[in-house]
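Asker: Mind having a look at this structure? Questions to follow.
The values are calculated or read from the model by the stated rules, or taken from the named source; none is laboratory data. Quick caveat: nothing in here was measured; it's all calculated off a predicted structure. Here the Cβ is made from the backbone with ideal geometry for all residues, glycine too, and neighbour counts use every protein chain on show.
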Amino acid sequence: MISGAFRFLRNAIRPGVEVTKVPANILLDWDVPVVVRDGTTLRVNVFRPNVDAPVPVIMSAHPYGKDKIPAKSRSGRAPAIQSRLLPQPHRVRISAWTSWEAPDPAFWATHGYAVVNADLRGGGTSEGIADLFSDQEARDYYDLIEWAGSREWASGRVGLDGVSYLAISQYKVAALRPPHFAAICPWEGLSDLYRDFARPGGVREDGFSILWSALTSREARLRSSIRKQVVERSERDDWYRSVTPDVARIDVPMLVCGSFSDHCLHSRGSFEVFRRAGSARKWLYTHRDGKWCAYYGPDATAARKRFFDHTLKGIENGQATEPAVRLAIYDGGPDPTAVTRESAWPPSDLVERTLRLDARTGSLLAGSVPETHASVAFGTRRAKAAFAWTLPEDMDVIGPMALQLFVELRGAEDAFLFANVRKMRAGRETTFEGSYGFSGDSVSKGWQRLAHRELDPALSTPLQPVHMHERRRTAARR
């Protein structure tokens with residue numbers, strides 16, 4: 001705890017971000033107006049190489065304010081305030097033109113791309129009122145893509161890139177299939193607002209969702225408060241379904257980032273997109289590093305450049321035959337012990353392990369369930385049940401985990417259950433990089449509201465149960 005607190009304090013005083021000077025010979029157009037189909041004017045910044053030939057476009061769109069960049073600070077080098085609040089395990093290096101979670105224009109323009117960073121409706125310098133996650137937002141993005149793809153300086157091929165909301169906003173517009181749309185790179189973006197963010201497992205998220213809703217309300221002019229919707233809607237109703245993209249309609253090549261660090265926010269949704277997207281050509285990049293130091297780091301940047309060089313420029317660089325999954329394996333902390341290339345996720349050669357909970361000994365045991373059964377009881381507010389498994393051999397634990405429990409409630413109709421998988425070595429926990437700059441995370445975690453135990457048969461698999469969350473099924477009182 002002391003080291004974690006020191007990490008946050010040190011980063012608040014001196015954030016681990018290096019802001020570099022902008023290169024010469026790049027053309028800049030600030031606040032270019034784009035009129036979308038209903039007459040609303042959105043505005044974009046365009047960064048492009050000073051060349052005669054048309055170039056492909058990399059675009060991002062968000063409500064956070066495209067002009068909040070280090071170059072417009074008093075010193076000309078101040079990173080976003082989030083960089084002080086959320087420490088990263090490795091240093092982040094960006095140019096002075098880079099806005100929050102957007103592609104670095106200096107890098108991409110230097111490598112022969114035009115970069116278009118857009119304020120979505122209601123955000124920054126754009127007109128209108130924002131309706132986040134909506135079909136209206138997707139139609140606006142469609143018009144922005146078509147505008148960029150038809151410029152005289154553009155080759156006609158547009159790819160989308162960006163982190164978090166800049167990834168989320170890609171899914172709905174990708175399902176609309178604009179003519180100039182050619183590829184997407186959603187870097188850690190949730191794909192189901194209810195299941196991934198607002199109420200994972202049916203349990204209302206009362207941490208980051210409060211902060212994010214408040215900050216977004218300050219940055220953009222919103223039609224309604226997302227937090228208000230989260231509080232008032234306990235089941236996955238028509239509103240939640242309306243803001244969920246149909247990822248099966250995505251048919252362009254995609255490079256998806258699936259982070260093992262972001263269990264509380266982006267992990268589930270990213271892996272679900274890779275699993276369910278309709279794209280014939282899709283790749284998955286995994287890591288357990290910090291969100292931003294990974295995205296702007298040399299390895300991920302090289303992977304994204306290779307992807308866009310192939311899909312937007314048509315360069316035969318080996319991307320077409322690249323195995324589908326970059327799998328990073330960790331022993332602890334933010335640095336992988338190995339990186340392998342796999343043909344599928346989960347990898348096809350995994351050996352599935354089934355363990356049973358032994359309430360008599362507090363152990364996890366392999367093998368069949370005995371004829372005699374036992375139970376363990378605990379209070380739901382502060383107590384817990386713990387089970388330990390001593391690994392019989394060295395092994396990599398890879399892929400999804402599913403937990404099946406038979407629960408009896410006494411004195412209650414409903415409860416929230418939280419499951420946590422921890423790695424212990426010589427009596428001490430081995431920790432990993434987690435969400436929001438937290439470096440003491442466990443292996444994996446999950447949570448489930450018991451009244452929402454009904455499964456979605458269309459989406460569920462034995463190792464990936466997906467719950468409906470459409471109605472409450474209460475237990476009998478005792």
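Asker: Provide a single number: the residues in the stretch 422-443 that are of a type in the set (Ser, Thr, Tyr), surrounded by 17 or more Cβ atoms within 10 Å (Cβ to Cβ) and closer than 23 Å to Leu364 by Cβ.
Answerer: Count: 1.
Asker: Of (1) within 17 Å of the chain's Cα centre (by Cα); (2) more than 28 Å from Glu127 (Cα to Cα); (3) not charged (D, E, K, R), Ser209 satisfies all except one. Which?
Answerer: (2)
Asker: Could you check Ser99 against (1) more than 18 Å from Leu190 (Cα to Cα); (2) surrounded by fewer than 24 Cβ atoms within 10 Å (Cβ to Cβ); (3) of a type in the set (Ser, Thr, Tyr) and say which number it fails?
Answerer: In the conditions (1) more than 18 Å from Leu190 (Cα to Cα); (2) surrounded by fewer than 24 Cβ atoms within 10 Å (Cβ to Cβ); (3) of a type in the set (Ser, Thr, Tyr), Ser99 misses (2) alone.
Asker: Separate question: Determine which single condition Lys384 fails, assuming it passes every other condition in (1) within 31 Å of the chain's Cα centre (by Cα); (2) farther than 30 Å from Ile250 by Cα; (3) surrounded by 13 or more Cβ atoms within 10 Å (Cβ to Cβ).
Answerer: So the condition that Lys384 fails would be (3).
Asker: Output the residues belonging to the stretch 40-69 that are touching a helix residue (DSSP H, G or I) at 6+ places or on another chain (Cβ under 7 Å), hydrophobic (A, V, I, L, M, F, W, C) and within 14 Å of Ala109 (Cα to Cα).
Answerer: Once the filter is applied, which keeps residues that are touching a helix residue (DSSP H, G or I) at 6+ places or on another chain (Cβ under 7 Å), hydrophobic (A, V, I, L, M, F, W, C) and within 14 Å of Ala109 (Cα to Cα), the stretch 40-69 yields Phe47, Val57, Ile58, Met59.
Asker: Looking at the stretch 151-200, which of the residues that are at positive phi and surrounded by fewer than 23 Cβ atoms within 10 Å (Cβ to Cβ) is farthest from the chain's Cα centre (by Cα)?
Answerer: Among those residues, the one meeting the criterion is Gly156.
Yes/no per residue for (1) assigned to a loop (DSSP other than H, G, I, E, B); (2) of a type in the set (A, V, I, L, M, F, W, C); (3) at pLDDT 95 or above; (4) under 21 Å from the mean Cα position of the chain (by Cα):
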| residue | (1), (2), (3), (4) |
| --- | --- |
| Thr340 | no, no, yes, no |
| Ser348 | yes, no, no, no |
| Val351 | yes, yes, no, no |
| Leu357 | no, yes, no, no |
| Thr372 | yes, no, no, no |
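Asker: Any residue in the stretch 444-455 that's touching a residue at least 12 places away in the same chain (Cβ under 8 Å) and surrounded by 19 or more Cβ atoms within 10 Å (Cβ to Cβ): show its pairings with residues that are part of a strand (DSSP E or B) and not hydrophobic (A, V, I, L, M, F, W, C) at Cβ separation under 6 Å, as long as the two are six or more apart or on different chains.
Answerer: Within 6 Å, the pairs are His452/His467.
Asker: I've got another one for you. Looking at Val158, is it in a strand (DSSP E or B) and of a type in the set (Val, Ile, Thr)?
Answerer: So Val158 fits the description; yes.
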